[in-house]
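Shown next, in structure tokens, is the structure this report addresses.
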Amino acid sequence: MERQIYSRPIVALLIALICGIVLGSRFSGHTASLLIIGFVSAGYIGIKIIYKKRSALAPLIFFIALGYISIQLWVSPNFSSNHVYFCKIRNFNNPGGFDYQRFMAFQNVWRSAYTQGSRLKVVRKNSAKGLVQMALDARLAVAELIDRADKQQPGAVLKALVIGDRSAISTEVREAFNRAGVGHILAISGLHIGIVATVAFFFFQKLLGFIKPLLWRGWTRRGAAIFSIFPVCVYALISGMSPSTQRAVIMVIAFLMTFLVERETDAMNILSLAAFIILIIYPPSLFSISFQLSFLAVLSIVYGLSHVRPPKPKAGVKIKTGVSWQLRRKLMAFFLVSFLAICGTLPVVMFYFNQISLIGLFANCIVVPLVGFGVIPFGLLAVFIYPFSIPIASGCIQICIFVLDYVMILINYLANLQFAAIKTFTPSILEIVCYYVLGWVVLDKLTARSIQTASDGNVSPGSHPDSDYFFFGKSGLNYLFASMIAIRRWLAEVLSIKGRAIAGLVVILVLSADAGYWLFQRYWNAELRVTYIDVGQGSATLLELPAGYAVLIDGGGFSDNNAFDMGARVVAPLLRRKKIRTIDTLVLSHPNSDHLNGLIYVARYFKVKTVWTNGEARDTLGYNEFKEIIDRKHLDFPDFKYMPRKQLINGVEFSILYPPSDFLARRVAEKWRTTNINSLVLKVSFGDVAFLFPGDIEAKAEKELVDLAGADLACDVLLVPHHGSRSSSSRAFLAKARPDVAVISAGWKNRFHFPHATVLRAYQKSGCRIFRTDQNGAVIFTTDGDHLSAKSFIAATDNQQPFKAD
């Protein structure tokens, strides 16, 4: 028999398909070329099949092309000529930012529109029919049954556990589950599908056992496997068919099919087949967090368990079989499964959620058995018994709620522990790859046979080979042939040991270089970097001073953080991508939501040393929460009236130019001193280069500022006051500031129509280079104190050439 080219062909084809999807999502627009490559490779494969020849490379090329072409429907769609175009969905364009535009495209949404809620009319169209509609109706019925039992958070959690509906779970409960490291419980997974399949299989096996012809022909197990697929699929539809559910269903069906062909199952092949089918049907699933975490967890468990085996007992040693011994083995196996799942998903969890649960392993060992044996079985029983007996189903729901009440008390207790979880930086793709390579090296090392072990008779030259190689009976030729096989295996083992050592060494060198790079960027860099962050209609600027000192001036934000938290979604990801966990100075220019609300998350979850404000308070939810965090964390919060007006930090001079120290007292008589006008104006100078941050001051404040500061207003880079409003940027102010570069922080097509046309003309007339966050995204300036250079996240237009000056 010819040796297979790949030991697991489906794994190789899956990797090729994934590579094609990734390439297609990053480098779209080459569909025609890939179509040609796909057709050529398919033709070549056909010729090989006709002549009964093998091909190693052509199938991989074909599936790379297939993956590339399949994803183009979402990343590069072709709309019809009569397609209605609304506003294009736009990202916050910052380094390392979330690609919201691509995310929505994968949900088949490419444009957005706005209207008044009263003008909306919901039209039910193309509603589901048949089995799908029945499953949806059943889902709604079970949801109503749970709501009647408990409308609080235990009921919301139960709906997630039983029917996959997580919409009613509060943010606080989600955070508690994540901090405790048991957030994965809220997703329908293999445990649910496995319970349904197991119960259905044994039920149908017993039922078919009463049919004599099937029993005589040995078809009870095969028939049970076939009939079990139906309840599995029905429950999957009821639970919403999330990626984790799809994976579990495909794996269970593949396992059940092994009863028909009577072949031994291979977990890695089944897992790969599940991923392969899902990606063929819906390629954007690859970029789903649920898909990635689900498959990584199972892959880690399957691969890890195949490499971590208990040592074989020595000859003559009696094997323990007592109940206590079996119980310890089960507990150790459960512990190992949880450990492998946590380790396997760790870098991806850090990448998406920037959080590590330090008690996750312990919490899983307690919570998972409680939920797995005390909640999910009764919840599933309620789903399937509901059509026959509502009272029994309600009783099952009540049992679930009873157990969940105590489970959630336990989870909240664990989550409230100070050391329960820590916030982390965002690992790069290179760091994630190195982590998994290092994990492979460690796991492979655990199962590798040392050369010394080989010399003891396992794979040493001349050892007894597998019986498949005994073709010549008890002859010397047979011994010679067996010895050659053993020598080949021994050499492969030696090379494998060297390969692991080389791979481990390369990973260590790469990680060392990566650590050195980030240490240089954070602490050894002698330059000043200023990043004007794209926060839409608002303002936020990050200053990275020499020796790692970090300053954040404002944080952007919308009026309601519950609708969109700018700090959590935009500012914090940028900081974590830059490996910044400490903000040495947090500056709030004035307490309006478009400057303040993004700072709340940063103040809560980052290490903040000092907070500068102008001392003006506002009775808003945002400001009260911000102040409460400052008080609770005992942050340094100096009184503006007594703050030094000039400070030198790591060679960078900070000058507070406005407002006057007694402005709060004068505000009573001088009614024109509004919150915008009272903005803290900060000048940052490094060598001969200066940056001016005037907040939202308006013309009256600018006039007073010119009188107070005079020539001190001169700067190289100016953050345009009040986002380019025509109530600011007066002629006298511009004459004193004389900036070479103007940065306008404004929202794309914002409702205020900032920046105003007259303001743009004024800056253009003064000869300024203009950058706009609504058009250019984040703008980053770098200076050594003598030279200044700038780059924008989005390439500058013809009227906004990249700025670089000496």
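The values are calculated or read from the model by the stated rules, or taken from the named source; none is laboratory data. Everything numeric here is computed off the predicted structure, so don't read it as measured data. Here the Cβ positions follow ideal geometry from the backbone for every residue, glycine too, while neighbour counts run over all protein chains shown. Ligands, DNA and RNA are stripped out before the accessible areas are found, and what is left, the full protein with its side chains, is counted by its heavy atoms. Shrake-Rupley method; radii C 1.70, N 1.55, O 1.52, S 1.80 Å.
Every condition in (1) open to solvent by 60 Å² or more (accessible area, probe 1.4 Å); (2) in contact with a strand residue (DSSP E or B) (Cβ under 6 Å, 6 or more places away or on another chain) is met by Lys700 except one, and the failing one is (2).
Condition check ((1) under 29 Å from Asn561 (Cα atoms); (2) open to solvent by 40 Å² or more (accessible area, probe 1.4 Å); (3) in a helix (DSSP H, G or I)) across all residues:
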residue: Phe177; (1), (2), (3): yes, no, yes
residue: Phe227; (1), (2), (3): no, yes, yes
residue: Phe230; (1), (2), (3): no, yes, yes
residue: Gln246; (1), (2), (3): no, yes, yes
residue: Ile250; (1), (2), (3): no, no, yes
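Cβ separations smaller than 8 Å between residues 6+ apart or across chains give the following pairs from the stretch 342-361 residues that are farther than 16 Å from Ile289 by Cα to residues that are in a loop (DSSP other than H, G, I, E, B) and open to solvent by 30 Å² or more (accessible area, probe 1.4 Å): Leu358/Phe419; Ile359/Leu417; Ile359/Phe419.
Matching residues to (1) touching a helix residue (DSSP H, G or I) at 6+ places or on another chain (Cβ under 7 Å); (2) open to solvent by less than 80 Å² (accessible area, probe 1.4 Å); (3) over 29 Å from Ala105 (Cα atoms); (4) of a type outside the set (Gly, Ala, Ser):
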site	(1), (2), (3), (4)
Ala16	yes, yes, no, no
Arg26	no, no, no, yes
Gly29	no, yes, no, no
Ala32	no, yes, no, no
Gly38	yes, yes, no, no
Ser41	yes, yes, yes, no
Gly46	no, yes, yes, no
Lys52	no, no, yes, yes
Phe62	yes, yes, no, yes
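Among the candidates Ile697, Ile677, the residue that is without any contact (Cβ under 8 Å) to a residue 40 or more places away in the chain, in a loop (DSSP other than H, G, I, E, B), among the aliphatic types (A, V, I, L, M) and closer than 20 Å to Val717 by Cα is uniquely Ile697. Going through the stretch 715-762 one residue at a time, which ones are surrounded by fewer than 16 Cβ atoms within 10 Å (Cβ to Cβ) and closer than 23 Å to Leu788 by Cβ? Of everything in the stretch 715-762, those that are surrounded by fewer than 16 Cβ atoms within 10 Å (Cβ to Cβ) and closer than 23 Å to Leu788 by Cβ turn out to be Ala735, Arg738. For Ile188, the stated conditions hold: it is out of contact with any Lys or Arg (no Cβ under 6 Å at 6 or more places or on another chain), surrounded by 14 or more Cβ atoms within 10 Å (Cβ to Cβ) and not in a helix (DSSP H, G or I).
Gly785 meets each of the listed conditions (1) outside any loop (DSSP other than H, G, I, E, B); (2) more than 17 Å from Gln537 (Cα to Cα); (3) open to solvent by less than 10 Å² (accessible area, probe 1.4 Å); (4) not polar (S, T, N, Q) apart from (1). Residues that are within 24 Å of Ile677 (Cα to Cα), touching a helix residue (DSSP H, G or I) at 6+ places or on another chain (Cβ under 7 Å) and aliphatic (A, V, I, L, M): does the stretch 743-758 have at least one? So far as the stretch 743-758 goes, yes, one or more of its residues are within 24 Å of Ile677 (Cα to Cα), touching a helix residue (DSSP H, G or I) at 6+ places or on another chain (Cβ under 7 Å) and aliphatic (A, V, I, L, M). Scanning the stretch 555-584 for residues that are in contact (Cβ under 8 Å) with a residue 40 or more places away in the chain and among the β-branched types (Val, Ile, Thr) yields Val570, Ile580. Of all residue pairs spaced 6 or more apart or on separate chains, those with beta-carbon atoms under 8 Å, a first member in the stretch 178-191 that is at negative phi and a second member that is open to solvent by 50 Å² or more (accessible area, probe 1.4 Å) and in a helix (DSSP H, G or I) are Asn178/Phe353; Gly183/Arg174; Leu186/Arg174.
The set of residues in the stretch 713-736 that are closer than 16 Å to Tyr532 by Cα and among the aliphatic types (A, V, I, L, M) comprises Val717, Leu718, Leu719, Val720.
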